[in-house]
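Each value in this text was obtained by applying a stated rule to the coordinates, not by laboratory testing. From a predicted model like this one, the values you see are computed outputs, not experimental measurements. Heads up, the Cβs are rebuilt from the backbone with ideal geometry, glycines too, and the neighbour counts pull from every protein chain shown.
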Amino acid sequence: MCDSAHAARAAHAADAPRPAPWAFHEGAVNLLGLSLGWAAQRSGARIALAESCTGGLASSWLTRIAGSSQWFEGGVVSYSNAVKMHQLRVPAAFLQAHGAVSEPVARAMAEGLGQLAGPLANGLSLNAPFSSGPLLTAAITGVAGPTGGSKEKPVGLVWFAWAEFDRQQPQGLPRQTWSSCQRFAGGREAIQQQAAWYALAGLLGHFLARPATP
């Protein structure tokens, strides 16, 4: 769940007035992807995504942009706990103690992806021509529904994490990692769309808050 204060708000969100229904708009999604690509190139950075409940939706929004290979490294759809552990190096202890939909797991996904997509053991990047700039990752794990929710983790609850890596650090440790918890309304598809949007918008906001690379 979110932290205790966050948890109380999310668990009782069903009793609060609902926001306006989510309205998916292809043009807005394309604009978000284009803006994120511009911001990444402006910062000399690349992006990678670790997706659980969104099943690769956010990655698909980025790869529909022509030329996104210039700034999008790739993604991992870590739908099962096994993939989270073996591909993203999420500790089994985190999954056992907190569950897949939790802050520790989201942060471990974002950090593990950076180690996977960042410098390799021989010091080379998976995409060597673009290895000089930072790498930013985003992770999404939540309950998209309509089943699978609980009082502690209701349908629509999603944990996000983002991490920034210096591509020159061979140990692959992030410069910083930050996280957020949200609860979205609507059906399964609407929750997935809102989660994908929030993760990418979080990356865009981070880029816009930092100075451009000369």
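For region 36-114, what's the radius of gyration and Dmax over Cα atoms, in angstrom?
Just the Cα atoms of region 36-114 yield Rg and Dmax of 13.7, 42 Å.
Counting C-alpha atoms alone, how compact is region 134-200: give Rg to one decimal and Dmax as a whole number, in angstrom.
In order Rg, Dmax, the Cα atoms of region 134-200 give 14.5, 44 Å.
Please give, to one decimal in nm, the separation of the simple spin-label points placed at ALA66 and VAL83, each 7 Å out from Cα toward the Cβ.
Simple spin-label model gives 3.0 nm for this pair.
Going highest first, how would you order 104-110, 175-181, 41-47 by mean Cβ packing within 10 Å? Spell out each step's value before the answer.
Details: 104-110: 26.1, 175-181: 15.6, 41-47: 20.3.
The most tightly packed comes first, giving 104-110, 41-47, 175-181.
Multiplying the sequence separation of ARG210 and LEU31 by 0.36 nm and subtracting their Cα-Cα distance, what value in nm do you get? Could the numbers behind the result be given before it?
Values: separation 179, 0.36 × 179 = 64.44 nm, distance 2.02 nm.
Here the answer is 62.4 nm.
Please list, by residue number, every one of the trypsin sites (Lys or Arg not before Pro) in region 49-106 that is coil in DSSP and has at most 15 other beta-carbon atoms within 10 Å. Don't skip to the answer; put the middle values down first.
Working: sites: ARG64, LYS84, ARG89; in loops: ARG64, ARG89.
Here the trypsin sites (Lys or Arg not before Pro) that fit, given the DSSP loop and packing criteria, are ARG64, ARG89.
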